[in-house]
1. Enumerate the pairs (first residue in the stretch 1-12 and modelled with pLDDT under 95; second residue anywhere and surrounded by fewer than 22 Cβ atoms within 10 Å (Cβ to Cβ)) with beta-carbon separation below 8 Å, excluding pairs fewer than 6 apart on the same chain, so at least 6 apart or on different chains.
2. Can you confirm whether the stretch 94-105 contains a residue that is part of a strand (DSSP E or B) and more than 15 Å from residue 188 (Cα to Cα)?
3. Residue 38 is checked against (1) touching a strand residue (DSSP E or B) at 6+ places or on another chain (Cβ under 7 Å); (2) surrounded by fewer than 18 Cβ atoms within 10 Å (Cβ to Cβ); (3) assigned to a loop (DSSP other than H, G, I, E, B) and fails just one. What number does that condition carry?
4. Across the stretch 82-117, what is the number of residues that are surrounded by 17 or more Cβ atoms within 10 Å (Cβ to Cβ) and at positive phi?
5. Among the residues of the stretch 150-175, which ones are assigned to a helix (DSSP H, G or I), buried (at least 16 other Cβ atoms within 10 Å of the Cβ) and away from the ligand (no atom under 12 Å from the Cβ)?
6. For residues that are farther than 19 Å from residue 211 by Cα and either within 12 Å of the ligand (Cβ to nearest atom) or crowded, with 23+ Cβ neighbours inside 10 Å (or both), scanning just the stretch 182-198, find the one that is farthest from the chain's Cα centre (by Cα).
7. Report every pair of residues separated by at least 6 positions or lying on different chains whose Cβ atoms are under 9 Å apart, first residue within the stretch 168-195 and touching a residue at least 24 places away in the same chain (Cβ under 8 Å) and within 14 Å of residue 81 (Cβ to Cβ), second in a helix (DSSP H, G or I) and away from the ligand (no atom under 16 Å from the Cβ).
8. Filter the stretch 106-138 for residues that are touching a strand residue (DSSP E or B) at 6+ places or on another chain (Cβ under 7 Å), part of a loop (DSSP other than H, G, I, E, B) and away from the ligand (no atom under 16 Å from the Cβ); which is farthest from residue 204 (Cα to Cα)?
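The values are calculated or read from the model by the stated rules, or taken from the named source; none is laboratory data. Everything quoted here is computed from the prediction, not taken from an experiment. Cβ coordinates were reconstructed from backbone atoms using ideal geometry, including for glycine residues, and neighbour counts include every protein chain displayed.
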Ligand code: ADE
């Protein structure tokens, strides 16, 4: 039986999944609760990491190394950078980067760490499943680069800087960690996010207003992906 790990950053991002599965067991490791259940012929492990790249890296490592997940799916919300992304829209990451890595003093491009990759690509099979699930529901999935960093972006200038430097469509605080850890451990992964705000000067207000609803949209989309899996 295959094991699927599903990670969110915040409680609000995984609660809709736990409400859906209803029955689950809890295992505590490394300051996180991992909720285990089964769905169809899959073992499912769900956890929220807490906000930020370090927390997400730890949770993803535990998923991979303790629970031996066969793949990892991230669900949650993001700030929209592309003008065609509105609150509630869903984005599927093509690749992820860390906009807050800067060792340009040594001549490296922004976001680049030696012996690593600037953009880490998501798994094409999982992305195909997401695209099929979207098509069946008439959901227009945005497919593009997501930039991650340890700041909540609520500033039009900083937003434009991330667009210009990284060509990103959305910004959040965990995706690149999942990407780096999963790819180094050879675990297929994908990142799904529903837009909660536009990372501009009103982002904090928009985030508070739409977090719950957008988190539910993303979680519902993850269920539709599980239904699409063979
Ligand atoms: N997650 C949701 N909105 C975000 C934003 N504006 N910045 C960083 N992470 C986010």
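1. Hits for this filter: 1/38; 1/41; 1/42; 1/43.
2. Scanning the stretch 94-105, I find at least one residue that is part of a strand (DSSP E or B) and more than 15 Å from residue 188 (Cα to Cα), so the answer is yes.
3. (3)
4. Total meeting the criteria: 1.
5. 163, 166
6. 182
7. Here the result reads none, with nothing in the stretch 168-195 linked to a residue that is in a helix (DSSP H, G or I) and away from the ligand (no atom under 16 Å from the Cβ).
8. The qualifying residue farthest from residue 204 (Cα to Cα) is 123.
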